[in-house]
Each structure stands twice: as structure tokens, then as C-alpha cells.
């Protein structure tokens, strides 16, 4: 596959998170743009407790796709996290597809993207997927066909799902939000042998603004991004975290102690006009 090479647009992304900690706690934060998201021109992460700056220990752990988890060890109090960055995104449109995709490299990322996971029980959906997509050609366009099916099948309804809902729950409810759309797409892809994974992103153009979840599928030697919600142009996305499902890509995870999320504000804008996306083009982040 050969990518087109337009001049990268600059994205301005930020978030503000607030937590109440009744006792000391350790949090894993995935809010920073991934190191592979593009050219990070400026970046700032600030963590305070009770609005007082101080030496709060922060360790950085690198994850799949260049993601960065900031491990914060905080005392009791009101914890506030502020992050902002400017990123010239590396997203691009793929203008050619290799005629023979049988040369897929089965590295650790691809193998992990074929396995069932907490929110994507692909083994449970194998029979359903086989029947539902019996007439769909098995080839480089299968993942995109599944994402289109999810877009047409499910209703996007904020508040319609809970944090424990799996792809099966979403199919039964016939509604969900971006993570649910992504989980169904991933589970069906894996059930049909297409390596698929979830990517948490900043998404200029998303309304209402929030963190967003999309899907990557492996086609040949390339990971392609699909958005079964079609709520934001894919070439504007800024990668944050990559994993098997939402369990791997949560923007905040309590590693020790207890923390109550009280504030979550997200912003993602682009210089100039947002690009059009007809969702038929092949796009890579």
C-alpha cells in the first residue's frame, strides 16, 4: 500500500480531569498523544492536588502504538490533571492496496488483535458472524464492510450502555456509544479472522466533544483505521492509546486506592477546515 503525502495539519488537543481522592491513590492516565501520533510540536502535562503545585511522582510507561501511560502517585485531596499539545498528525490516505494480502506479518500485535478479549468475545459471536456475513467477500475490504454494517445496524445513543457492556450486550440492545460500536466491529472482525484492535483518539469535529474510540484492522502489512460511528473525519484523528479493547485504552485507571472522577473536559480542534471523509477511502494513523 502506498500512502498519499499531503502536508500534515496541526491539531490542538487538550483535556482537564478532576478526581476526588479520600486516601492516597495511584492512577494510570492515558491522555497524552502517542509518540507515533505525528510531530508533537509542544506538550504540557500538569498534575496538582488541592490546586497546589508540588512534587507529585509521575512515571511514564510506553505501550502499544507508541502510547504513553502516566502513572501518578497522589496524596488524598482534589486531584486535577491538565494536558495540552499541538500535533501535526501522521494520518494519511492509502492510495493503493496490495493485490496479495496473504503476506500478513503475524507479529505480537497482530496475534493479540485476533484473540478474544474482555469486551470483544469473538468466540461467542463466531456463528452469528459466519451467517450474517456469509455473502461478503473475504478480502482486504472485509473489515470496512463490517464497520459499515455496524454503522447501519446500531443506533448511537449516549447513556444507552454501561461500563461493563460487551459487544454481545450492545448487539442485544441495538444501541451504544463509540466504544460499543468499536467493540462490536472488533469482535465481528476477529470472529471472521480479521485482526482488529481499539484505538483511543482525540477527534477534531466530534460532537459532543469527548475522547473517541475507533478501530484498526490489519490488512497485509498495514493497520487501517475505521470509524463505525462516522462521527469525525479519520484523517484528523490523534492517536492516544491502542489495545485489545476499552480495558486497555481507558483514559484513567485506578491502580491502587480509590478515585472518583468529577471532571472530564476534552478539546480537539484543527487548523483550517476539517477534511471530508466518505469512509470508503483507506486511512492509516
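The values are calculated or read from the model by the stated rules, or taken from the named source; none is laboratory data. These figures come from a predicted structure and were not determined experimentally. Here the Cβ is made from the backbone with ideal geometry for all residues, glycine too, and neighbour counts use every protein chain on show.
From the list 263, 184, pick out the single residue that is at pLDDT 95 or above and either closer than 30 Å to residue 24 by Cα or surrounded by fewer than 16 Cβ atoms within 10 Å (Cβ to Cβ) (or both).
Exactly one residue qualifies, and that residue is 263.
Failed condition for residue 258, given (1) in the same structural domain as residue 168 (by TED's automatic domain parsing); (2) closer than 22 Å to residue 30 by Cβ; (3) surrounded by fewer than 19 Cβ atoms within 10 Å (Cβ to Cβ), with all others met?
(1)
If we keep just the residues of segment 239-255 that are in contact with a helix residue (DSSP H, G or I) (Cβ under 9 Å, 6 or more places away or on another chain) and assigned to a loop (DSSP other than H, G, I, E, B), which is surrounded by the fewest Cβ atoms within 10 Å (Cβ to Cβ)?
Residue satisfying both the conditions and the ranking: 244.
Among the numbered criteria (1) assigned to a strand (DSSP E or B); (2) modelled with pLDDT of 95 or more; (3) surrounded by fewer than 17 Cβ atoms within 10 Å (Cβ to Cβ), which single criterion is violated by residue 93?
Going through (1) assigned to a strand (DSSP E or B); (2) modelled with pLDDT of 95 or more; (3) surrounded by fewer than 17 Cβ atoms within 10 Å (Cβ to Cβ) one by one, residue 93 breaks only (2).
Please work out which residue is modelled with the highest pLDDT, limiting yourself to segment 44-61 and to residues that are outside any strand (DSSP E or B) and either over 20 Å from residue 14 (Cα atoms) or touching a helix residue (DSSP H, G or I) at 6+ places or on another chain (Cβ under 9 Å) (or both). Break it down stepwise before answering.
First pass over segment 44-61, keeping only residues outside any strand (DSSP E or B): 50-51, 53-57.
Next, only the ones that are either over 20 Å from residue 14 (Cα atoms) or touching a helix residue (DSSP H, G or I) at 6+ places or on another chain (Cβ under 9 Å) (or both) stay: 50, 54-57.
Working: 50: 94, 54: 69, 55: 77, 56: 90, 57: 90.
Checked segment 44-61; the qualifying residue modelled with the highest pLDDT is 50.
State whether one or more residues within segment 157-171 are closer than 18 Å to residue 223 by Cβ, within 19 Å of the chain's Cα centre (by Cα), in the same structural domain as residue 230 (by TED's automatic domain parsing) and in contact (Cβ under 8 Å) with a residue 24 or more places away in the chain.
Scanning segment 157-171 turns up no residue that is closer than 18 Å to residue 223 by Cβ, within 19 Å of the chain's Cα centre (by Cα), in the same structural domain as residue 230 (by TED's automatic domain parsing) and in contact (Cβ under 8 Å) with a residue 24 or more places away in the chain.
For segment 1-43, how many residues meet the condition of being at pLDDT below 90 and assigned to a loop (DSSP other than H, G, I, E, B)? It would help to see each step written out before you state the result.
Filtering segment 1-43 down to residues at pLDDT below 90 leaves 1-9.
Filter once more, so that each one left must be assigned to a loop (DSSP other than H, G, I, E, B): 1-2, 4-9.
Residues meeting the conditions: 8.
May I ask you to say which residue of 204, 233, 228 is closer than 23 Å to residue 153 by Cβ, surrounded by 16 or more Cβ atoms within 10 Å (Cβ to Cβ) and in contact with a helix residue (DSSP H, G or I) (Cβ under 6 Å, 6 or more places away or on another chain)?
When all the criteria are applied, what remains is 228.
List every residue pair whose Cβ atoms lie under 6 Å apart, where the two residues are 6 or more positions apart in sequence or sit on different chains, the first residue falls within segment 113-134 and is in a helix (DSSP H, G or I), and the second residue, located anywhere, is modelled with pLDDT of 95 or more and surrounded by fewer than 17 Cβ atoms within 10 Å (Cβ to Cβ).
none
Restricting segment 62-86 to residues that are at pLDDT 95 or above and under 27 Å from residue 113 (Cα atoms), which is surrounded by the most Cβ atoms within 10 Å (Cβ to Cβ)?
67
Residues in segment 215-238: is at least one part of a strand (DSSP E or B) and within 26 Å of residue 78 (Cα to Cα)?
Looking through segment 215-238, none of the residues is part of a strand (DSSP E or B) and within 26 Å of residue 78 (Cα to Cα).
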